[in-house]
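Novice: I'd like to ask you about the structure that follows.
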Amino acid sequence: MDTKKKVLLVEKDNAIWHFVRSVLKKEIYDLDFADNAKYALAKIQNNTTDLILFDCNSLGVNMSEFISLIKNSTDNMPGIIALTKNINDDVDCTQHDVDDLITKPLNSTELQYRINRVFDRRNMIDLLNKDRADSEALLQISEAVSSTLSSREILHIIVKKVASLFDATRCSIFRVAHEEKFAHVIASHDNPDIELEITIDNYPEVKKALETREMVIVQYILLDPLMKGVQENIKSLKNNAIIVIPIILKNNVIGTLFLRNVRDNKFFNEREIKFLKVVARVAASSLDNAFLYENLESTRLQLIQSERLRALGELATGVAHNFNNLLSGILGHTQMLLSKSLDTATCERLQIIEKLVLDGSEIVRRIQEFTRLRTTKDFSEVNIKDIINDIIRMTESKWSGGSNIPKIILRVDIDSMEIPIVEGNATELREVFINVLFNAVDAMPKGGEFTIQTKTDGKDVFIHFIDTGEGMSEETRKRVFDPFFTTKGSKGTGLGMSVAYGIISRHNGHISIDSELGVGTTVTVRLPISEKFIKEMDRKYNLKHEEKTKILLIEDHKITLDVLAENLANLGHHIEKADSGMAGIKMFKDGNYDIVITDVGLPDISGWAVSKKIKDMSPHVPVVFITGWGNQLSSSQIKECGVDFILAKPFKIKEISAIIKKAIDSKKDI
């Protein structure tokens with residue numbers, strides 16, 4: 001790229017032109033020549049000009065008119081230095097649009113000094129203007145994000161403003177969890193409603209920013225080794241540069257600010273980088289406020305729902321008994337009349353009345369069942385796996401296919417680890433699960449897939465019911481738990497999910513729904529783990545409360561990582577996960593861990609290197625190796641790298657517990 005400064009000399013005297021050319025170095029300045037204003041303006045219109053040197057008497061037009069014509073000929077006003085023999089004769093040369101004035105005869109040192117001074121001053125003005133633009137942009141972003149609590153609107157405001165300032169071809173914000181393989185584009189400067197899932201492996205610059213928690217700059221997109229694996233996808237972006245800045249909230253990377261634009265070999269400068277880092281911090285803070293508001297709104301709606309159910313329950317308790325008495329009287333008299341010999345038309349009308357009364361009594365029964373205002377809790381220990389197995393057998397005819405019944409593929413994805421026991425009423429929980437399953441089947445009239453997943457975090461059990469049905473709108477989703485609300489027309493009573501809500505609330509749990517039209521629905525039930533079960537686990541594995549530790553777990557195999565993390569969480573430990581060696585080392589630097597558990601074979605650096613780095617930083621923190629290589633590890637290397645314990649795959653819970661206890665005891669002995 002040609003970085004020379006373009007200088008245009010407007011002068012009739014060739015001697016002056018040769019003199020100026022001898023003073024201005026060719027490697028710094030690109031000098032051009034014109035002998036009148038008309039010729040000079042043609043050059044300015046067709047070429048970028050940084051500085052104009054002109055003799056006041058060579059223009060052929062009035063000085064003020066010449067400057068006005070320059071302003072009309074270009075968007076970027078060049079610097080202007082006037083040359084004159086006598087300042088008193090050329091008063092126009094002193095007007096404010098002229099940056100400097102040099103009297104003839106010219107002196108080489110003075111000429112060079114004056115030219116440098118003009119460029120220095122203009123550079124300073126440019127920087128001040130850019131700083132002012134940055135400050136104004138940050139002010140506008142701050143004002144905008146403080147005017148709304150919608151996270152989507154906040155993020156769109158941010159990326160749109162940044163894209164405008166940087167003339168970006170793409171400015172987006174990705175939201176991602178560190179251990180996941182996918183990211184969600186939740187904001188893009190050119191699409192306020194974007195909802196897009198991407199594979200992180202297809203964006204190595206984003207992946208690196210997430211793993212290292214540091215800014216990543218790709219200046220030459222086709223030459224950078226980082227982008228080697230995605231060359232086929234980025235061929236059309238050959239002149240683009242990329243900068244990715246992690247968005248960190250409460251020491252967790254929750255996403256990235258992604259910017260791509262055409263740089264023409266111009267590097268991102270310190271001012272631009274500083275500005276983008278500030279924007280990333282604003283985005284993190286804004287997201288935090290927005291998420292707090294969304295959680296508060298969710299809690300408010302739950303309270304409204306609970307209060308609505310309570311009020312309806314009180315109403316039902318007072319009304320149901322009297323209403324049933326009225327229905328009993330009507331039904332008794334109707335059936336007494338039907339027992340007599342009456343004409344056909346009268347009998348038909350009485351039969352209609354009888355049917356309506358019976359339907360009314362069924363609605364009253366459903367209301368009574370729905371409210372469930374019992375204060376006593378006839379709870380016992382419940383195994384969620386058994387409940388799931390029960391409902392699958394009990395509902396098989398509903399989903400297994402047959403005459404006029406859609407074929408549903410049912411999958412049960414229960415963790416290989418032990419799912420903790422909960423306290424509850426098995427009959428009521430079966431009713432909830434069956435209701436959810438039936439709703440899912442009704443949402444898949446042409447068939448589909450229904451998946452039941454279970455997870456635990458050591459405090460609660462999560463049961464996810466996932467269907468590939470029709471899904472529902474946001475308006476419908478918000479009303480699902482409202483009494484008597486149904487989308488099934490005359491086929492539904494609108495009480496099923498209200499009953500489910502009441503049951504789960506009575507179990508001190510929570511039920512929620514995520515849905516998307518045309519994609520499907522996920523119903524999540526959260527139930528607290530039995531206190532008795534937690535105490536039993538503590539007793540079984542001899543783990544005292546004061547011995548529960550903060551553990552860093554490093555493992556690239558996701559299933560092993562998740563299962564081991566949940567087993568350790570069930571033992572009461574606080575677990576943080578990393579799926580690569582470098583990410584683990586970075587987390588260790590920023591955290592305060594009691595024990596590190598790492599796999600030997602990691603994708604970026606070996607477990608040996610991880611152990612050595614950790615021991616260099618904190619020699620007293622025990623390091624546990626998990627490995628599928630059994631006893632084939634070198635004892636000398638184990639000692640050299642500071643590995644304290646070995647856990648061979650596959651492992652049992654009691655083996656994990658024993659290793660952790662040994663590690664805790666080893667710290668006490670130091």
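The values are calculated or read from the model by the stated rules, or taken from the named source; none is laboratory data. These numbers were taken from a predicted model, which means no experiment stands behind them. Using ideal geometry, Cβ is built from the backbone for each residue, glycine included, and neighbour counts are taken over all protein chains shown. With ligands, DNA and RNA removed, areas are computed over all heavy atoms of the protein, side chains included. Shrake-Rupley method; radii C 1.70, N 1.55, O 1.52, S 1.80 Å.
Novice: Criterion first (out of contact with any helix residue (DSSP H, G or I) (no Cβ under 7 Å at 6 or more places or on another chain), open to solvent by 10 Å² or more (accessible area, probe 1.4 Å), in a helix (DSSP H, G or I) and within 21 Å of residue 190 (Cα to Cα)) does residue 285 satisfy it?
Specialist: So residue 285 fails the test.
Novice: Can you run down the residue pairs with Cβ atoms below 7 Å, 6 or more apart or on separate chains, where the first is in the stretch 641-668 and farther than 15 Å from residue 570 by Cβ and of a type in the set (Asp, Glu) and the partner is assigned to a loop (DSSP other than H, G, I, E, B) and modelled with pLDDT of 75 or more?
Specialist: Matching pairs, first to second residue: 644/622.
Novice: Something else about it: I'd like to check which strands (runs of 3 or more DSSP E) are fully inside the stretch 1-89 and have at least 2 residues that are at pLDDT 80 or above and open to solvent by 10 Å² or more (accessible area, probe 1.4 Å).
Specialist: Where strands (runs of 3 or more DSSP E) fall fully within the stretch 1-89 and carry at least 2 residues being at pLDDT 80 or above and open to solvent by 10 Å² or more (accessible area, probe 1.4 Å), they are 5-10, 29-34.
Novice: A further question follows. Just a yes or no: is a residue in the stretch 482-493 part of a loop (DSSP other than H, G, I, E, B), modelled with pLDDT of 75 or more and closer than 30 Å to residue 438 by Cβ?
Specialist: Checking the stretch 482-493: at least one residue is part of a loop (DSSP other than H, G, I, E, B), modelled with pLDDT of 75 or more and closer than 30 Å to residue 438 by Cβ.
Novice: I need a count of the residues in the stretch 398-450 that are modelled with pLDDT of 80 or more, more than 25 Å from residue 530 (Cα to Cα) and outside any helix (DSSP H, G or I).
Specialist: 12
Novice: Is it the case that residue 462 is within 30 Å of residue 568 (Cβ to Cβ) and either at pLDDT 80 or above or outside any helix (DSSP H, G or I) (or both)?
Specialist: Yes: the conditions hold for residue 462.
Novice: Check residue 471 against each of (1) on the phi < 0 side of the Ramachandran plot; (2) open to solvent by less than 30 Å² (accessible area, probe 1.4 Å); (3) out of contact with any helix residue (DSSP H, G or I) (no Cβ under 7 Å at 6 or more places or on another chain); (4) outside any strand (DSSP E or B) and name the one condition it does not meet.
Specialist: Condition not satisfied by residue 471: (1).
Novice: Same structure, new question: Can you pull out the residues in the stretch 102-126 that are farther than 17 Å from residue 20 by Cα and not charged (D, E, K, R)?
Specialist: Passing the criteria: 123, 124, 125.
Novice: If you go through the stretch 151-160 one residue at a time, do you hit one that is surrounded by fewer than 16 Cβ atoms within 10 Å (Cβ to Cβ) and within 24 Å of residue 262 (Cβ to Cβ)?
Specialist: No - not one qualifying residue is present in the stretch 151-160.
Novice: Can you tell me which residue within the stretch 251-277, out of those that are over 21 Å from residue 138 (Cα atoms) and open to solvent by less than 40 Å² (accessible area, probe 1.4 Å), is modelled with the lowest pLDDT?
Specialist: Ranking the candidates gives 263 first.
Novice: Right, something else. Write out, first by first residue and then by second, each pair whose Cβ atoms fall under 6 Å of each other, whose residues are 6+ apart or on separate chains, and whose first residue, in the stretch 181-201, is part of a strand (DSSP E or B) while the second is of a type in the set (D, E, K, R).
Specialist: 182/197; 184/175; 184/197; 186/175
Novice: Please name all residue pairs, on different chains or six or more residues apart, with Cβ atoms under 9 Å, provided the first residue is in the stretch 346-358 and is farther than 11 Å from residue 333 by Cα and the second residue is of a type outside the set (Lys, Arg) and open to solvent by less than 50 Å² (accessible area, probe 1.4 Å).
Specialist: Between residues of the stretch 346-358 that are farther than 11 Å from residue 333 by Cα and residues that are of a type outside the set (Lys, Arg) and open to solvent by less than 50 Å² (accessible area, probe 1.4 Å), the close pairs are 347/338; 351/334; 351/338; 357/327; 357/331; 357/334; 358/327; 358/331.
Novice: From (1) outside any helix (DSSP H, G or I); (2) modelled with pLDDT under 80; (3) not acidic (Asp, Glu), pick out the condition that doesn't hold for residue 342.
Specialist: Looking at each condition in turn, residue 342 falls short on (2).
Novice: If residue 653 passes every condition in (1) touching a helix residue (DSSP H, G or I) at 6+ places or on another chain (Cβ under 7 Å); (2) modelled with pLDDT of 80 or more; (3) surrounded by 14 or more Cβ atoms within 10 Å (Cβ to Cβ) but one, which one does it miss?
Specialist: So residue 653 meets the others, but not (2).
Novice: Go through the stretch 150-183 and count every residue that is modelled with pLDDT of 85 or more and under 14 Å from the mean Cα position of the chain (by Cα).
Specialist: Summing the residues that are modelled with pLDDT of 85 or more and under 14 Å from the mean Cα position of the chain (by Cα) in the stretch 150-183 gives 4.
Novice: Looking only at the stretch 515-525, filter to residues that are touching a helix residue (DSSP H, G or I) at 6+ places or on another chain (Cβ under 8 Å) and not aliphatic (A, V, I, L, M); which one of those is modelled with the highest pLDDT?
Specialist: Among those residues, the one meeting the criterion is 521.
Novice: Residue 597: among the hydrophobic types (A, V, I, L, M, F, W, C), modelled with pLDDT of 85 or more and under 15 Å from residue 550 (Cα atoms), yes or no?
Specialist: yes
Novice: Within the set of pairs 6+ apart or on separate chains, which have a first residue in the stretch 594-620 that is touching a residue at least 24 places away in the same chain (Cβ under 8 Å), a second that is assigned to a helix (DSSP H, G or I) and of a type in the set (Phe, Trp, Tyr), and C-beta atoms under 7 Å apart?
Specialist: That search, which allows pairs on different chains as well, returns 596/588; 614/588; 617/588.
Novice: Of these, 548, 544, 577, which one is farther than 23 Å from residue 252 by Cα and either modelled with pLDDT under 75 or open to solvent by 20 Å² or more (accessible area, probe 1.4 Å) (or both)?
Specialist: That would be 544, the only listed residue that is farther than 23 Å from residue 252 by Cα and either modelled with pLDDT under 75 or open to solvent by 20 Å² or more (accessible area, probe 1.4 Å) (or both).
Novice: Consider residue 280 against the criteria (1) open to solvent by less than 90 Å² (accessible area, probe 1.4 Å); (2) at pLDDT below 85: it satisfies all of them except one. Which criterion is unmet?
Specialist: Checking residue 280 against (1) open to solvent by less than 90 Å² (accessible area, probe 1.4 Å); (2) at pLDDT below 85, the one that fails is (2).
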